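The block underneath contains the structure these notes are about, expressed in C-alpha cells.
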Amino acid sequence: MRILIIEDEPRAANQLQNLLDQCDFDYNLLEIIDTVEDSIQWFNENPVPDLVFMDIQLADGLSFEIFQKVSVPCPIIFTTAFDDYALKAFKVNSVDYLLKPVQQEELQRALSKFESAQRKQGMDVQKIKRMLLELQAPSTRKSILVKEGDGFAQIQISDLLYVYSEDSITFGITRAKRVIIDETLDELQQTLDASVFFRINRGQLVSKNALLKIDKYFNHRLKLSLVNSREQEFIVSRPKTSEFKQWLNR
C-alpha cells in the first residue's frame with residue numbers, strides 16, 4: 001500500500017509513522033510533505049498514491065486549498081486538532097478523520113474502514129468549495145480572553161495589531177500594551193476574521209490595520225513594518241507571499 005503523509009509538524013508525522021508500524025498494515029511511505037504548495041506540486045508530478053493522511057492546518061494554509069488546484073483521486077484520512085474541522089472534513093468524501101494526538105486504536109479503526117471500503121473515487125470538489133467558503137466566512141467574535149495578574153480580562157479583537165508565539169506562549173500586541181492570550185496561535189487563527197488577520201508565518205499573525213509598509217525581502221519574501229512593532233521582524237514566508245498579496249487586495 002503506497003501512502004503519502006501531508007503534515008507540517010515533524011513530531012506528529014513521526015508519531016503517525018510509529019503508529020502505522022504498530023498496526024496490522026503493510027505500507028510503503030512515499031513522502032512526507034508539509035505545505036499546500038509542495039502538495040500541489042507533488043500531485044502534479046507523481047502517480048496517485050493509494051491512501052493519503054492529510055493534516056488540515058498546514059504551514060501555508062488549509063489543506064482543503066489543495067483540491068482547488070489539483071485533482072486528488074484517492075481516499076484521504078484527515079488529521080486535525082480541531083473538532084469543527086474534523087466534522088467538516090468527514091462530510092467531504094474522505095475515508096475518515098483522526099483527532100490529534102492520534103491514538104493507535106482510532107488509527108486501526110480508520111485503516112480497517114479504508115481496507116473494507118477500498119474507495120477509489122476522488123474528492124467531491126463542490127463540497128470542498130462550499131467548505132472553503134464556510135471556513136473563510138467572517139468571524140463574529142468580538143473579544144478575546146487574556147491573562148491579567150492572577151486572573152483574566154477581556155480585550156476587543158479590534159484592538160489587536162498582531163499576535164506572535166514565543167516559547168509556547170501566545171502574545172498579543174495592542175497600541176497600549178502586550179498581553180498573554182490563553183490560546184495557541186492555531187486556535188486563535190481559526191476564530192479571527194480572515195479578511196482582517198493573516199498568518200504570515202508559523203509564529204506571527206498580523207492585522208491589516210497594523211500595516212505601515214511592505215518591502216521586498218530576499219528569497220522572494222516580504223518584510224512588513226507594523227504599528228508598535230517593538231523591534232521585531234515581520235517576514236512573510238515564501239509559501240505565503242502570493243496568498244498575502246491576494247489578501248491585501250480583498
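Some points to look at:
- Cross-link reach list, aspartates and glutamates versus Lys216, counting only Cα pairs under 16 Å and skipping chain neighbours closer than eight places: Glu233, Glu243
- With semi-axes defined as the square roots of five times the eigenvalues of the C-alpha gyration tensor, the equivalent ellipsoid of region 144-248 measures 24, 13, 13 Å, largest first.
- Our coupling estimate for region 211-216, obtained by passing each phi through the Karplus curve with A = 6.51, B = -1.76, C = 1.60 and θ = phi - 60°, is 6, 10, 7, 10, 10, 5 Hz, Gly and Pro reported as x.
- Working from Cα pairs under 8 Å separated by at least six residues, relative contact order for region 144-248 is 20 percent.
- When the pairs Lys213/Lys240; Lys69/Lys213; Lys147/Lys240 are compared against a 26 Å limit on Cα-Cα distance, Lys69/Lys213; Lys147/Lys240 fall above it.
- Qualifying chymotrypsin sites (Phe, Trp or Tyr not before Pro) in region 149-250, DSSP loop, other Cβ atoms within 10 Å at most 16: Phe218
- Dipole magnitude for region 3-84: about 140 debye, using +1 per Lys or Arg Cβ and -1 per Asp or Glu Cβ, origin at the Cα centre.
- Applying a DSSP loop filter and a limit of 10 other Cβ atoms within 10 Å to the GluC sites (Glu not before Pro) in region 165-237 leaves Glu231, Glu233.
- Cross-link partners of Lys113 among aspartates and glutamates (Cα-Cα below 12 Å; sequence separation of 8 or more within a chain): Asp96
- Placing +1 on the Cβ of every Lys and Arg and -1 on the Cβ of every Asp and Glu, with no other charges, gives region 144-248 a dipole of roughly 700 debye about its Cα centre.
- Gain in span if fully extended, Glu105 to Ile214, counting 0.36 nm per residue against the direct Cα distance: 34.4 nm
- Available extension along the chain between Arg250 and Arg2 is 85.3 nm, counting 0.36 nm per residue and deducting the alpha carbon span.
- Estimated distance in nm for a label pair at Lys113 and Ala194, the labels positioned 7 Å out from Cα along Cα-to-Cβ: 2.4
- Peptide packing: for 53-66, 27-40, the average count of neighbouring Cβ atoms within 10 Å per residue gives the ranking 53-66, 27-40, highest mean first.
We did not get these values from a lab; they are worked out from the coordinates using the rules stated. Quick caveat: nothing in here was measured; it's all calculated off a predicted structure. As a convention, Cβ positions derive from the backbone with ideal geometry for all residues, glycine included, and neighbour counts pool all protein chains shown.
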